[in-house]
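Colleague: Below is a structure I'd like to ask you about.
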């Protein structure tokens, strides 16, 4: 058992095939959460052969198919609600439930341990995913993100849509999925997280037989970060079905270039972006008072095996001027000690509240395990992060990043 200063009790067990279970005890809570994360996502490629874009996401969909039907029905039989997602470097299968906990968790293990791929069910699922892709392609945010990722990463795997392309999906067969499954879905490349009020020893005993059915061998080759390509900042204009123009700005960087580790870099970027673009920030309020922004400015920070980047996005009737001001402000960013302490307290409060959000808690905890980081150390890192640390990192970010931007106009207003 692992304990920490935040009074969280974490139990860990490694089964004989290398599969790891982590259990976060939450006494007195009725709600329970369980999830299995696979260390494989849409941007990952094997080292010795190439899989079609979208394979990881297709595999996520297809694993719900079993000889008896859709395993979702089995979760519902046990009063559980199941879901899954695929990101750049991970695939997560999870379920929430209040009763029949062990049955739900055993079903979750079955979901990833027993693939059932046939040409018939793969063909059926392909049509469903193609419809999903077409739906995404009609969305303004998808169009912005797709163009922005291509600007930042060219033809590298990070620029490929996690869902794939029509051509790529046509090349995914039952054999493709079997190859990908055998390569990535093995016991040491996946981990189970359970959050709730359970008996840990009984949990281990209940799922052991199911866990031992997971393959324990793979020829997986670790993937290096993408090669560094010198980019010049540029702005791209595209058209789509939007009433008001939208913009997206990408800040590309590499955490390995910085003097600190990922958590400190993330904290600095989170603080400075919230200070600039948060609703209470002076810069945001100035943009709003001048009519240069519609609604909120969103920002997101991503760290991936293939590359690191942040995205700043929003809507504006004068997007070129707004993008210019945002980029200029970001690269001239400064922060006072008072503002720093305010944003630091806000960040810590947001993160600590997550300990009662079982889904977010479980997902981020298991991500930290794969990243070889102490999840609870992050809270201490926030508290220990100083004003001088922040000022120093702001300077580094300015000097060690490059930006790209995309503006989406309505179809009749983009410059040709």
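Colleague: For residues that are free of Cβ contacts under 8 Å to residues at least 60 places away in the same chain and either outside any loop (DSSP other than H, G, I, E, B) or crowded, with 19+ Cβ neighbours inside 10 Å (or both), tally how many sit in the stretch 35-62.
Modeller: The total comes to 1.
Colleague: Mind listing whichever residues of the stretch 65-91 are closer than 18 Å to residue 132 by Cβ, assigned to a loop (DSSP other than H, G, I, E, B) and in contact with a strand residue (DSSP E or B) (Cβ under 7 Å, 6 or more places away or on another chain)?
Modeller: Scanning the stretch 65-91 gives a single hit, 88.
Colleague: I've got another one for you. Go through the stretch 243-277 and count every residue that is surrounded by fewer than 17 Cβ atoms within 10 Å (Cβ to Cβ) and part of a loop (DSSP other than H, G, I, E, B).
Modeller: 5
Colleague: Still on this structure: Select from the stretch 279-293 the residues that are surrounded by 17 or more Cβ atoms within 10 Å (Cβ to Cβ) and not in a helix (DSSP H, G or I) and write down the one among them that is farthest from the chain's Cα centre (by Cα). So that I can check it myself, show each step before the final result.
Modeller: Here is the first cut: in the stretch 279-293, the ones surrounded by 17 or more Cβ atoms within 10 Å (Cβ to Cβ) are 281, 283-284, 287, 292-293.
Okay, now just the ones that are also not in a helix (DSSP H, G or I), so 281, 292-293.
On the way: 281: 26, 292: 30, 293: 27 Å.
Among those residues, the one meeting the criterion is 292.
Colleague: Here's another thing I want to ask about it. For the stretch 318-416, list the helices (runs of 4 or more DSSP H) that sit wholly inside it and hold at least 2 residues that are loosely packed, with under 14 Cβ neighbours inside 10 Å and outside the structural domain of residue 191 (by TED's automatic domain parsing); which are they?
Modeller: Passing ranges, in order: 319-331, 337-353, 377-384, 387-399.
Colleague: Of all residues in the stretch 127-163 being without any contact (Cβ under 8 Å) to a residue 40 or more places away in the chain and under 17 Å from residue 300 (Cα atoms), which is surrounded by the most Cβ atoms within 10 Å (Cβ to Cβ)?
Modeller: 159
Colleague: Please go through the stretch 39-50 and pick out each residue that is under 28 Å from residue 107 (Cα atoms) and touching a helix residue (DSSP H, G or I) at 6+ places or on another chain (Cβ under 6 Å). Talk me through it step by step, then tell me what you get.
Modeller: Initially, the stretch 39-50 is screened for residues under 28 Å from residue 107 (Cα atoms), giving 39-44.
If the condition is that a residue be under 28 Å from residue 107 (Cα atoms) and touching a helix residue (DSSP H, G or I) at 6+ places or on another chain (Cβ under 6 Å), then 39, 40, 41, 42, 43 are the ones that fit.
Colleague: Which one of these is modelled with pLDDT of 95 or more and within 21 Å of the chain's Cα centre (by Cα): 130, 148? Break it down stepwise before answering.
Modeller: Details: 130 fails: within 21 Å of the chain's Cα centre (by Cα).
Of 130, 148, the one residue that is modelled with pLDDT of 95 or more and within 21 Å of the chain's Cα centre (by Cα) is 148.
The values are calculated or read from the model by the stated rules, or taken from the named source; none is laboratory data. None of the values given here were measured: they were computed from a predicted structure. Note that each Cβ is placed from the backbone with ideal geometry, even for glycine, and that neighbours are counted across all protein chains shown.
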